[in-house]
Structures are given as C-alpha cells and as structure tokens.
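One structure is given here, and the rest of the page talks about it.
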Amino acid sequence: MTLLGVTDIAKSFGERRLLAIDTLTLSAGQSYVLTGENGSGKSTLLRILAGIDAPDSGHGLYGAQRFDWHPYPDWLRREVIYVHQHPYLFHSTVADNIVYGLRARGVDAGRREALLAAAIAWARLDHLLATPPQKLSGGERQRVALARAWVLSPKVLLLDEPTANLDAESRRQTIDLLRGFCAAECTTVVACHDRDVIALPEMQPLHLADGRIRPRPVASD
Amino acid sequence: MNLIDATHAALRLLLSADPELWSIVGVSLSVTLRAMLIAMPLGIGLGYLLATLRFPGRRALIVVVQGLLASPTVVVGLLLYLLLSRQGVFGQLQLLFSQTAMVIGQVLIALPVLIAFSLAAIQGADPRARETAVALGAATPRVAWTMLVEVRFALMAAVCNAFGRVVSEIGCSLMVGGNIAGVTRNMPTAIALETSKGDFAQAIALGIVLLVVALGINSAFAFFQGESRQ
C-alpha cells in the first residue's frame, strides 16, 4: 500500500535542472536505500519530501490526502522526520534534544519522561546524558538524532547519509539503530553510498540519475 | 585642585554614601534599565523578523537600521524634543524634561543596536538549527524561540552593547531630560555639569561608577560566553 507519493517533481538551481521525477511512491513499512552520484540530488529529494525545501512544481499524496509545498502541511510534518547528514543538536542537554519534538507536539511531562527513558535505552545513550551535545562525537550525535526521531514514532523517516564519516564501531551502531526503524515498520529512506547499508536485506533500492529515479546499475556505488 | 586631589576626593565621595551622588547613579540605572526592558523584546523581535521574513523593501530597511547605528544621540534628542515640546505632536502628554522622556530617548537609541546585532546573530546561526526545529514539527513560535535560545550569547552581546551605549549617552538625556537635580540628572549629564563647574571630584566619582557598570556588564558577558564554550 502506497503511503507517500510524489508526482511531476521538478527542481532546478539556476540553469541546472537537478530533479525531474515523474512519480515516486513509497510503500507503508518498506525501507529504501537511495543511491546516486554525489550531486545527483539525493539530499534535495529527501529535503523536498520532508518539506524543508519546496520543488519548483509537482504535488504529493500521503495516504489518500493530496498536498503541495505552498505551504507544506503541518499535519504531514508530524508524520515525516528528516535527519541531516551531520545532525544538529540544540545547545541544551542530550535529554532536551531527545524530547524536543515531543514538546513541540504538546506531549505531557509524564509521557515525555517515559518515552525519553525508552529512547535512551533504545539508542544506548545512558552514559552520554551528562555530556554537552556539542562535545559528542559524530557517531554519538547521530545516535542522539536517531533517538530524537525514534521517540516521535514517525510514519516516514528520511536519513541523509547517516553512516558517512563515522568510524567502524559508530557505523555498526548506527546501522543497528537503522535496522530498528526498519523492524518497526517505519517507511525509511536512507540516502547513502555505504555498501553495508545498501546490502541490508530489508532495503529496496532507489537510484537517482539525471534527476530521475532509475533502475540501479549493477556494481555502482 | 589637581588630578590626584580630585581623585582622592572622588574616592571619599564614593565611600561616604553621598546621597546626591548615589541619587544620580540611581536615576541613571533606573532610566537605562527601564529603557532596556522595553527595547530588548522590541529590538530582538524586530531583528528576528528582519532576519527571517522576506518582503519588499527589506534590504532598504536593513540599510536604514544599520545607518541608525551611527546616529548621534543628540540628534535623537533633538527629534524627540521637537515631538515632545509644547508645540510638538505629543506636546499634550507633557513628557518633556521627565524620566519617561529619557526612557523613550534611550529606547530609540538602543533599538538600532539591538535590531542590527540580533539580525546578524540570527543570520549567522547554523541553518540546520531552524531546519531541525521545523523537521521535528515545531510551530513557528517555537522555532523562533529555539533560534533565539541557540544564539543567546550573541544576543547577550547585543544587549551589552546597547546597554553600554545608552547608559553613557549624554546628548539625548540632556535635551529631553533637562538635567534636573534629583529627577532627570543621570551620570553622563552630571559629569558634564560638574566638570563645567570645576567640581572634578563629583565628576570623577561618577565616572568611576560608570566605568564599573560598563566593566561589570562586559565581565558578565565574558563569563556567560565562557560558560557556553564549556
């Protein structure tokens, strides 16, 4: 069953046409790995799907509800979560970062505390709670960002190169958390070049080339 | 009286709890704090809006605000005097030569500083901060609050800068306050008056208080900035 779809999405930067996607559909609970050369528009596509950037034209369908980007609907923001390649953590505490989205949704303090405890256990962040977010390593930041997304139980999770520039252990931990999202039947799109992520059995490939979704070439990436 | 004698006399004045001196300090701090309490939310709010909204004439408005950073306080005082004088648009309010007039003047002087520095702070913030707040489902007011919290130390710099500018300004306070003893005489206007009278002890004593206030504000800023880097 299609959960999120976009049609006739075009995006240009000046003279350069970056995206010209006729149709892209994401099935409920399915995980996708989005591959493509550097500069092929993977990040831009994820940012458009998350409503952070708007396409020049096109429209979308979430379930049976049609939407566009003028403006991107607030109700959809609550279903779709985007995580940057280098996640930004607010200058507060790890715990405050994790519950930020819950506060934004007006979740009461008791429920927030319960979800925070669950997220800390899920991402194994106990030993990092007293560390200022700005002192965390890249891998630790990624785990806090994934926990921050996880507490919101998103229907769609969009991850931009989550394992880029991480050491082997951090990569392994991040991939474990990523598989946790997949197992939870969250529709996940991971833009990446990481062979280990691409090879995950739960991942369905999407390949972006010349601004379009195309069959993934054999032995690319 | 030479400089050394005057300095000794100034220190004696400071230590003797001279009521006139401390009343002048009180007027200065009271007027400036009230002005800052009004100017801070206004200036930071307008700076945020200028940084985030796109509308026709925005760039021209930014140029005007930045130009006003260099506006002489005496000109602000002159314009306010014309507005508040008996023949002025707001003459009926009878605010001229009152602390309220001084507060209004200092708000007008502080605003361009607060707007321009807040604008620069928000524009200089990491764009991922806003995107993250939006992506996590924050509504517009929460996004705004998050951004202001993220750049809080730059905003504190703006507040320190504005405070320093208004607590030491003389032109506007003199014109719309009138330098009335016990009512509108603040540290800068008193320093100017006592110096013209040749009473250097009082002028130096007030100058020391003014310097301590300025150093205190900047030390507090440095402390918080250091905290933010921990």
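Some observations on this one:
- Between A:Ala28 and A:Ser153, the distance separating the two model label sites (each 7 Å from Cα on the Cα→Cβ line) works out to 1.4 nm.
- Per residue, the solvent-accessible area of chain A (1.4 Å probe, heavy atoms of protein chains only, all protein chains present) comes to 44 Å².
- Paramagnetic reach from A:Arg103 (point 7 Å along Cα→Cβ, amide N under 20 Å) across the stretch A:128-151: A:128-136, A:141-151
- Rg over Rh, two decimals, the protein assembly as shown (C-alpha only, Kirkwood Rh): 1.13
- Surface composition of the protein assembly as shown: carbon and sulfur atoms hold 60% of the protein heavy-atom accessible area at a 1.4 Å probe.
- Average partner coverage of B:124-135, which counts Cβ from other chains inside 10 Å: 5
- Nearest-ten-degree value, helix B:58-68 long axis tilted from longest Cα axis of chain B: 20 degrees
- Counting only alpha carbon atoms, the long axis of helix A:109-123 and the longest principal axis of chain A meet at about 80°.
- When chain A is treated as a GNM with alpha-carbon contacts under 10 Å, the residue of A:Ala183, A:Ala147, A:Ala191 showing the greatest mean-square fluctuation is A:Ala183.
- Surface per residue (accessible, 1.4 Å probe) for the stretch B:22-184, Å²: 47 Å²
- In this assembly, the A-B interface accounts for approximately 1800 Å² of buried accessible surface in total, computed with a 1.4 Å probe and without ligands, DNA or RNA.
- Pairs of alpha carbons in the stretch A:2-214 whose separation is greater than 25 Å (percent): 37 percent
- Added length on full extension, which subtracts the Cα-Cα distance from 0.36 nm per residue, B:Lys197 to B:Leu68: 43.1 nm
- Peptide B:136-143, shielding by other chains (average Cβ, 10 Å cutoff): 6
- For A:Leu3, the residues whose modelled amide H falls within less than 5 Å of its own, excluding neighbours fewer than 5 places apart on the same chain, are A:Leu26, A:Ser27, A:Ala28.
- Peptides B:6-15, A:154-163 ranked from most to least packed, by the mean per-residue count of other Cβ atoms within 10 Å: A:154-163, B:6-15.
- Amide H contacts for A:Ala209 (H built 1.01 Å from N in the peptide plane; partners 5 or more residues away or on another chain; cut-off under 5 Å): A:Arg214.
- Against chain A, whose longest principal axis comes from its Cα atoms, helix A:168-183 is set at around 70 degrees.
- Of all lysines in the structure, those lying under 23 Å Cα to Cα from A:Lys42, and not within fewer than 8 positions of it along the same chain, are A:Lys11, A:Lys155.
- 20 Å Cα-Cα reach of A:Lys135 towards lysines, excluding residues that sit fewer than 8 places from it in its own chain: none
- Most to least packed among A:65-75, A:23-33 [average Cβ atoms within 10 Å]: A:23-33, A:65-75
- Summarising the overall dimensions of the stretch B:22-184 from its C-alpha atoms, the Rg and Dmax are 17.8, 57 angstrom.
- Put simply, the amide H of A:Phe67, placed in the peptide plane, has neighbours under 5 Å in A:Gly60, A:Leu61, A:Tyr62, leaving out anything fewer than 5 places away on its chain.
- Per residue of A:84-90, other chain Cβ atoms within 10 Å of the residue Cβ number 4 on average.
The values are calculated or read from the model by the stated rules, or taken from the named source; none is laboratory data. Everything numeric here is computed off the predicted structure, so don't read it as measured data. Please note: Cβ atoms are built from the backbone with ideal geometry, for glycine as well, and neighbour counts cover all protein chains shown. Note: areas computed on protein heavy atoms with side chains; ligands, DNA, RNA excluded. Shrake-Rupley method; radii C 1.70, N 1.55, O 1.52, S 1.80 Å.
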